[in-house]
Amino acid sequence: MPAYESQPYDILIAGYVVPLSKVSIIVKSGSGVVKRGTVLGVVSQLPESDQYHGMYVVKPVDSTQADGSQDPFTILDDLEVDATTEDVRATGFTSGEFNRHALFFGGTDTIEDHDVAMRKIGLITKRIVE
């Protein structure tokens with residue numbers, strides 16, 4: 001039996017006043033290796049009749065795109081997904097309080113580019129002093 005290993009402190013979650021909620025997502029092929037805390041935008045949605053019942057297809061938010069990924073929708077909850085060559089099922093947060101310094105974006109985007117839009121959809125960012 002392996003020895004007990006404590007998990008590292010999770011710097012992504014910044015509070016629990018706003019409840020955490022999650023959604024199942026599919027990270028689009030070609031997104032590369034995407035890590036926990038990456039802000040994702042919706043590029044499509046699978047049909048309800050599909051085996052994945054209307055799941056959202058997402059990729060990292062990038063304000064230079066015009067495919068839907070320019071707008072924040074969720075924050076990746078999984079530690080890491082490799083969507084380099086194939087779509088990958090994952091889980092994303094759709095509400096909660098998050099450490100703004102633990103968030104990642106596509107392209108050259110930063111939290112300053114998306115903070116207001118994220119707040120409008122329930123993804124609240126906070127400054128955490130370490």
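Within the chain, what percent of beta bridges assigned by DSSP are antiparallel, to the nearest 5?
75 percent
Name the trypsin sites (Lys or Arg not before Pro) in the stretch 78-130 that are in a loop by DSSP and that have at most 16 other C-beta atoms within 10 Å, would you?
ARG127
Find the Cα radius of gyration of the stretch 90-130, compare it with 2.2 N^0.38 Å by division, and give the number to two decimals.
Working: Rg = 10.4 Å, N = 41, 2.2 N^0.38 = 9.0 Å.
Rg over 2.2 N^0.38 Å, computed on Cα atoms: 1.15.
Taking the stretch 1-109, which GluC sites (Glu not before Pro) meet the DSSP loop condition and have no more than 12 other C-beta atoms within 10 Å?
Filter output for the stretch 1-109: GLU5, GLU48, GLU86.
If I model a spin label as a point 7 Å beyond the Cα along the Cα-Cβ vector, how far apart are those points for GLU112 and LYS35 in nm?
Here the modelled spin labels are 2.2 nm apart.
I'd like to check one number: the per residue accessible area of the chain, probe 1.4 Å, reported in Å² as a whole number.
59 Å²
Need the full-extension length gain, VAL18 to LEU46, defined as separation in residues times 0.36 nm minus the C-alpha distance. One decimal, nm. Intermediate results must be reported in sequence, preceding the final value.
Details: separation 28, 0.36 × 28 = 10.08 nm, distance 2.86 nm.
Result for the pair: 7.2 nm of gain on full extension.
Leaving ligands, DNA and RNA out of it, report the carbon-plus-sulfur percent of the accessible area of the chain at a 1.4 Å probe.
The C+S portion of the solvent-accessible surface of the chain is 52 percent.
To the nearest 10 Å², what's PHE73's accessible area with a 1.4 Å probe?
About 50 Å², rounded to the nearest 10.
Assuming a ≥ b ≥ c are the square roots of the Cα gyration tensor eigenvalues, decide whether the chain counts as rounded (a/c under 1.5), prolate (otherwise, with a/b larger than b/c) or oblate.
Working: a/c = 1.56, a/b = 1.16, b/c = 1.35.
Taking the square roots of the gyration eigenvalues as a ≥ b ≥ c, the chain is oblate.
The values are calculated or read from the model by the stated rules, or taken from the named source; none is laboratory data. Here the structure is a predicted model, which means the values were calculated and not measured. So basically every Cβ, Gly included, is an ideal-geometry build from the backbone, and we count neighbours across all protein chains shown. We work out accessible area using only protein heavy atoms, side chains counted, and drop any ligands, DNA or RNA first. Shrake-Rupley method; radii C 1.70, N 1.55, O 1.52, S 1.80 Å.
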